[in-house]
Amino acid sequence: MQFAELVAEAKDRGFDHVSDTRMGRYVNQSIQSLCNRASWPFLNTTVTGVAPLTISDFRAANSVVDSVQKIPLPYIDRRQLINSGITDLTTVGTPTNWYQTSRTVISVYPANTTNSLSVNYQKLHPVLSGTTAHLIPVEFEDLIIDGAVIKAYKDSDDYEQAAA
């Protein structure tokens with residue numbers, strides 16, 4: 001279903017008085033909630049590039065591979081690097097670990113801007129509008145609508161119906 005169809009379906013469950021904008025927000029929130037519950041295969045994707053690598057829809061890494069060395073790079077928390085006495089993260093060399101410098105940026109230590117990385121990751125589901133379609137398998141569409149309806153019940157302070 002496209003976004004507009006999901007909104008219409010949710011409104012048809014007794015919420016025709018709710019604006020399309022508000023129900024659209026509930027649909028998008030329901031999609032995000034559903035997608036954040038597990039590492040769904042339909043959200044897996046791979047991108048390649050050199051570090052620091054910006055991935056705008058990054059949610060969580062499945063693997064980071066140095067494509068030149070053909071080896072997986074283990075994750076290390078940036079704070080662990082600093083706490084272990086490494087104060088200059090710009091030291092250049094052959095990458096041994098990857099870390100995040102922000103929610104959307106993957107970096108390597110030692111720094112390296114020539115070796116290509118292959119990052120397999122869970123992407124964030126895009127926010128839908130208009131006629132865009134969701135990425136969730138069709139057999140879960142009712143869960144999207146159910147989630148939107150639950151949010152509509154909560155918004156109208158009908159917690160008993162929301163719980164049902």
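The values are calculated or read from the model by the stated rules, or taken from the named source; none is laboratory data. Just so it is clear, the structure is predicted and the values come from calculations on it, not from any experiment. Reconstructed Cβ throughout: ideal geometry from the backbone, glycine too, with neighbour counts over all protein chains shown. Just the protein is used for accessible areas: all its heavy atoms, side chains included, with ligands, DNA and RNA removed. Shrake-Rupley method; radii C 1.70, N 1.55, O 1.52, S 1.80 Å.
Heavy atoms only, probe 1.4 angstrom, no DNA, RNA or ligands counted: give me Tyr153, Tyr75 ranked by accessible area, highest first.
Numbers: Tyr153 55, Tyr75 120 Å².
The residues order as Tyr75, Tyr153, largest area first.
Can you give me the solvent accessible area of Ser156 with a 1.4 Å probe, rounded to the nearest 10 Å²?
70
For Ser67 and Phe140, what does the FRET efficiency come to when R0 = 35 Å and r is the distance between their Cβ atoms, rounded to the nearest 0.05?
On the way: r = 34 Å, r/R0 = 0.97.
It comes out at approximately 0.55.
Roughly how many Å² is the accessible area per residue of the chain, as a whole number, for a 1.4 Å probe? Write out the running numbers ahead of the final one.
Details: 9140 Å² over 164 residues.
I get 56 Å² per residue for this part.
Sort all Cα-Cα distances of the range 68-111 into consecutive 10 angstrom bins from zero, then give the percent of pairs in each bin up to the one containing the longest distance.
28, 59, 13
Rounded to a whole number, what % of the accessible area of the chain do carbon and sulfur atoms account for, probe 1.4 Å?
On the way: 4710 of 9140 Å².
Carbon and sulfur atoms account for 52 percent of the accessible area of the chain.
When only the heavy atoms of the protein chains count and the probe is 1.4 Å, how do Val92, Val119 rank by accessible area, highest first?
Numbers: Val92 120, Val119 0 Å².
Ranked list, largest accessible area first: Val92, Val119.
Just flag the trypsin sites (Lys or Arg not before Pro) in the range 31-70 sitting in loop per DSSP whose Cβ has no more than 16 other Cβ atoms within 10 Å. Present the calculation step by step, with values, prior to reporting the outcome.
Values: sites: Arg37, Arg59, Lys70; in loops: Arg37, Lys70.
Sparse-neighbourhood loop trypsin sites (Lys or Arg not before Pro): Arg37, Lys70.
Once you have the alpha carbon radius of gyration of the range 54-164, what is it after dividing by 2.2 N^0.38 Å, with N set to its residue count?
On the way: Rg = 20.8 Å, N = 111, 2.2 N^0.38 = 13.2 Å.
That works out to 1.58 for the range 54-164.
Dipole of the range 46-164, Cα-centred, from +1 at each Lys and Arg C-beta and -1 at each Asp and Glu C-beta, to the nearest 20 debye? Don't jump to the answer; show the numbers that get you there.
On the way: 8 positive and 12 negative charges, 159 e Å.
Charge dipole of the range 46-164: 760 debye, to the nearest 20.
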